[in-house]
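Below is one structure, written out as structure tokens, with a few remarks after it.
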Amino acid sequence: MGLDKEHSGMLDINMEKVRTILTHTYPYPHEHSRHAIIAVVIGCLFFISSDNMHTLIQKLDNNIKWWSMYACLLGFFYFFSSPFVGKTIKPSYSNFSRWYIGWILVAAVYHLPSFQSMGVDMRMNLSLFLTIYISSIFVLLVFHLVFLGLWYLGLVSRLAGRRPEILTIVQNCAVLSVACCVFYSHCGNHALNEKRLGRRDSGLFSLWKKGETSIWLSKFLKIYEFKDEICKSWFAPVGSARDYPLLSKWVIYGEFSCSGPCESSDEISPIYSLWATFIGLYMANYVVERSTGWALTHPLSVEQTEKLKDEQMKPNFLDMVPWYSGTSADLFKTVFDLLVSVTVFVGRFDMRMMQAAMSRVHEGAKEDFLYDHLSEKDHLWFDFMADTGDGGNSSYSVARLLAQPSLYAFNDESLQSLPRGDLLLIGGDLAYPNPSAFTYEKRFFRPFEYALQPPSWYKDEHIAVDKPELPFGVSELKRYDGPQCFVIPGNHDWFDGLQTFMRYICHKSWLGGWLMPQKKSYFALQLPKGWWVFGLDLALHCDVDVYQFKFFAELIKEKVRETDSVIIMTHEPNWILDWYWDDVTGKNVSHLVKDHLKGRCRLRMAGDLHHYMRHSRVPSETHDSVQHLLVNGCGGAFLHPTHVFSNFDKAYGATYEMKAAYPSVEDSSRIALGNILKFRKKNWQFDFIGGFIYFILTFSMFPQCNLGHILHKDDTFSGHVKNFFSTVWDAFMYMLGQSYVSSTGALLLLVAAISFVPSKVSRKRRVAIGVLHVSAHLSAALILMLLMELGVEICVQHKLLATSGYHTLYEWYKSVESEHFPDPTGLRTRIEQWTFGLYPACIKYLMSAFDVPEVMAVTRTNICKNGLNSLSRAFSSLRIANYKSFTRFHIKEDGDLEVFTLAVDKVPKEWKLDPEWDNEVRQPQMASHNRKYPSKWRANAFHQDPINTVRIVDQFEIQPTYKLQVAAVNGSMSH
């Protein structure tokens, strides 16, 4: 018994871990690939270390020219692959970009001479890899089709109906091919006969059968000999055709490693054995798992369960929109929707006209647009934010702050308590890049629902027919004590003619825990102490339509008293955009402000620009202009600079001065440098657009056939540089004088560059800036083209490229294959017949497509010899999630309006379930706004949570109109 216990202790194995190592639960079978990769890497390290590295290094060419080419290649590779290092980027085409860059690097490096001098034959490895890779994919695809057919006939478990991921097949085939290539590089394809090897001594532990440990250690120290023993003992052929007569016509044979004449081998190739073993293990594992469901249903280990729980206990936020991506379907849809909106809706059909036509008249104003249920309060807290739906982390950070019962924010050295707003005003652009059910639900509604949950009876698919739909027990809107929300649409919300906005805002009752009473896209709110908010819908006109203007004009005439104060909320801050672009927009809004309100507009606020800026009117005799101009578009979108607007000082015939900016002008200038340093890392998809532009600019100048003067041996380094740049200048002059394609592309690029310069800049400066911009791109394109051609020319001169035709690698492989991979039974010929020639053709053209440098060199040489007839005829950019803010207002009992702008410098990227929220005792029907901890997620790090880092970046007060009128009367009487 004691002995049994001792043995059980030695063999105490955690079977849960064994099962989860051997069988991965989700998704099948990526974990197997990871284990296989680890095994292959360990094998590579072992075999490489078996050679004398010191000798290999000594064999490297001592030539700075080749080392320079290596450095350039690795530098380019790092530049193009740097956005992918250390992280997985979605969508899947990023993986294509990542592997294609690696593909090009290997294809370029293997032509350089140092590998041959090191005794490493890259051609064999690459050609063998591509051959095994294509063959493996073909075999596994046939296997999966057969298995799915058996499932369809009901011969295997229902779990077999789950299709395997193509990425899984490709990944496993890549690992299998690498393993076979590593084995061949160090063990070859030798068929070892019985006499020379002695099969009785070829077991797994043949090295230990000599008896003496010292002998084994001495062999181990001679690691090269140890490697040979590994190849002979552990990876010997499994047998001969005589041992397996059924396989005699279905195998690839090995070759004898004999010095003299040898008989033809009937031994099965060890590479074929290794490949068949891997393929068989894959198939067997797949059949077992998909037939029994064991790995798919077996419980996880405790550690994996906790890890999975942690992953599930995190919000599923979308990444910020890649605005400079040339491959985003959403952005193409946005452009299409914008074109449709401009050509169809603008001037032809306007949803605002239909809203006005369908509304009933009530006491001189349309009841669907006017809300006065908050006007009788003694005081009121309300919030304003805009531009919400870009990144989940940033939008949720702001929504989490808005949802708290109260906030404690630092203002310089003091700490202020600010209660939650009873009213939330959102200034448009609810979801980017275009309005759709997906973007509204994922980018807009989800962060707010996480921050403040909707009522338990609320259903996502519910359509509000008769708003406001109040909670049970509340008879009228005045009696509702929870937070409410009113929204105006932005330009992005208008891209589909306002259809999604109407569906999700005007016909839904809840934005998370905020009640949405509004029925139309514009509205008027009567607030306490004579304050009003006019929410205007500018659509894509940058102005209100006639019907909207008429509503507000009649409202001012009938409802707004001479002593009242008005806040106008729009999406676009046309006062600052008109100054920037030297334009005049929003004439109807200006007419409403100057000629109807006549000085009662105390504040204009808007979003659209994703920063915070406040400008206040300089005291003057002009009293009919707006006193304060406020921009706050930091609700969740990427960051816009503030320093480019720092010189704004004129609007509505009055003079203004900047009182606050967030981020500060200095910080904004510093962040702007990121466009140079970080643009490509954040916007690697722009390579598609930039590459296309550069291709158009240089296409007609390829190839440069006369580059010998640059490489002249007798020239000094300065001479090489001078010749290089003189060639660049000659190419530039050729482009201007003879290349219609490149010159047209350069002209179009110049027009685009000039159009992006602000209109307020003088015409001469705009042209100068545009010319400098385009000249920089032209220079970069020409220099890169010539560097590439110089590299190709050097390799051609040293006979490393263009030594034969387009299929050099395949032709070389065919000659080596016939010598080192015997096929006495004609298996390859039969496969070629069965696949109608696809088998060799696919491998042939895959090798040609892989060897990009060779194709370029051959094409270049043919064009230089025979001409073209030889060719066959067959900052939003930076997506900065930080610097988020919103503005909180307080109408005091004496009528003054306090304004606080609260900001968070750094937005968290990792969230976890808030234990306070999870553990809070609550009644089943308890409204979320009555909870002490209303938000579901908190930042992973306590010191990064927005609640703990929020601060006040601007604070001021606005006196109501009647106080200013009293002050003006008293001032005139004193005079």
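The values are calculated or read from the model by the stated rules, or taken from the named source; none is laboratory data. Because the structure is predicted, anything quoted here is derived from the model rather than measured. Cβ placement follows ideal geometry from the backbone for every residue including glycine, while neighbour counts extend to all protein chains displayed. The accessibility values were calculated without ligands, DNA or RNA, using every heavy atom of the protein model including side chains. Shrake-Rupley method; radii C 1.70, N 1.55, O 1.52, S 1.80 Å.
Listing for the model above:
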| item | result |
| --- | --- |
| Number of the exception - Val907 against (1) buried (at least 19 other Cβ atoms within 10 Å of the Cβ); (2) of a type in the set (Val, Ile, Thr); (3) over 31 Å from the mean Cα position of the chain (by Cα) | (3) |
| Residue count for region 757-785, restricted to those that are within 16 Å of Trp729 (Cβ to Cβ) and surrounded by fewer than 17 Cβ atoms within 10 Å (Cβ to Cβ) | 6 |
| Checking Gly391 against (1) open to solvent by less than 10 Å² (accessible area, probe 1.4 Å); (2) modelled with pLDDT of 90 or more, the condition it does not meet | (2) |
| Condition broken by Lys529, with the remaining ones in (1) on the phi > 0 side of the Ramachandran plot; (2) open to solvent by 20 Å² or more (accessible area, probe 1.4 Å); (3) within 30 Å of the chain's Cα centre (by Cα) satisfied | (3) |
| Flag if Phe438 is part of a helix (DSSP H, G or I), surrounded by 15 or more Cβ atoms within 10 Å (Cβ to Cβ) and within 34 Å of the chain's Cα centre (by Cα) | no |
| Lone qualifier among Lys377, Lys314 - being at pLDDT 90 or above and either outside any strand (DSSP E or B) or within 21 Å of Pro517 (Cα to Cα) (or both) | Lys377 |
| Subset tally (residues that are of a type outside the set (A, V, I, L, M, F, W, C), touching an Asp or Glu at 6+ places or on another chain (Cβ under 8 Å) and either in a strand (DSSP E or B) or farther than 18 Å from Asp429 by Cβ (or both)) for region 584-594 | 3 |
| Enumeration of residues in region 509-536 that are in contact with a Cys (Cβ under 8 Å, 6 or more places away or on another chain) and among the aliphatic types (A, V, I, L, M) | Leu511, Leu515, Met516 |
| Gln944 open to solvent by 60 Å² or more (accessible area, probe 1.4 Å), modelled with pLDDT of 85 or more, within 30 Å of Gly427 (Cβ to Cβ) and touching a Pro at 6+ places or on another chain (Cβ under 6 Å) | yes |
| Top-ranked residue of region 356-370 - restricted to ones that are surrounded by 14 or more Cβ atoms within 10 Å (Cβ to Cβ) and touching a helix residue (DSSP H, G or I) at 6+ places or on another chain (Cβ under 8 Å), ranked as modelled with the lowest pLDDT | Ala365 |
| Verdict on Ser877 being of a type in the set (S, T, N, Q), modelled with pLDDT under 80 and open to solvent by 50 Å² or more (accessible area, probe 1.4 Å) | no |
| Tally, over region 107-158, of residues that are closer than 28 Å to Ala284 by Cβ, of a type in the set (A, V, I, L, M, F, W, C) and either at pLDDT 80 or above or surrounded by 17 or more Cβ atoms within 10 Å (Cβ to Cβ) (or both) | 18 |
| Test: residue in region 637-656 that is assigned to a loop (DSSP other than H, G, I, E, B) and more than 39 Å from the chain's Cα centre (by Cα) | yes |
| Top-ranked residue in region 490-504 [being buried (at least 24 other Cβ atoms within 10 Å of the Cβ) and outside any helix (DSSP H, G or I); ranked as modelled with the highest pLDDT] | Gly490 |
| Neighbours by Cβ (under 9 Å, 6+ apart or cross-chain): first from region 840-854, at positive phi; second open to solvent by less than 20 Å² (accessible area, probe 1.4 Å) | none |
| For Val544: the one exception among (1) within 21 Å of Arg600 (Cβ to Cβ); (2) under 34 Å from the mean Cα position of the chain (by Cα) | (2) |
| Every residue from region 600-628 that is in contact with an Asp or Glu (Cβ under 9 Å, 6 or more places away or on another chain), buried (at least 19 other Cβ atoms within 10 Å of the Cβ) and part of a loop (DSSP other than H, G, I, E, B) | Arg600, Gly607, Asp608, Leu609, His610 |
| Scan of region 466-489 for residues that are open to solvent by less than 30 Å² (accessible area, probe 1.4 Å), closer than 26 Å to Gly389 by Cα and part of a loop (DSSP other than H, G, I, E, B), ordered by number | Lys467, Gly482, Pro483, Ile488, Pro489 |
| Answer from Ile794, Ile783 - the residue that is touching a Lys or Arg at 6+ places or on another chain (Cβ under 8 Å) and in a helix (DSSP H, G or I) | Ile794 |
| Residue match in region 557-580 (condition: farther than 17 Å from Phe369 by Cβ, surrounded by fewer than 20 Cβ atoms within 10 Å (Cβ to Cβ) and basic (Lys, Arg)) | yes |
| Single residue of region 717-769 satisfying the filter (assigned to a helix (DSSP H, G or I) and among the basic types (Lys, Arg)) that is nearest to the chain's Cα centre (by Cα) | Arg766 |
| Matching residues, region 557-592, being over 43 Å from the mean Cα position of the chain (by Cα) and not acidic (Asp, Glu) | Lys557, Lys559, Val560, Arg561, Thr563, Ser565, His591, Leu592 |
| Positions within region 835-854 being within 32 Å of the chain's Cα centre (by Cα) and of a type outside the set (Ser, Thr, Tyr), in sequence order | Leu846, Met847, Ala849, Phe850, Asp851, Val852, Pro853 |
| Selection count where residues are modelled with pLDDT under 80 and among the β-branched types (Val, Ile, Thr), scope region 767-795 | 1 |
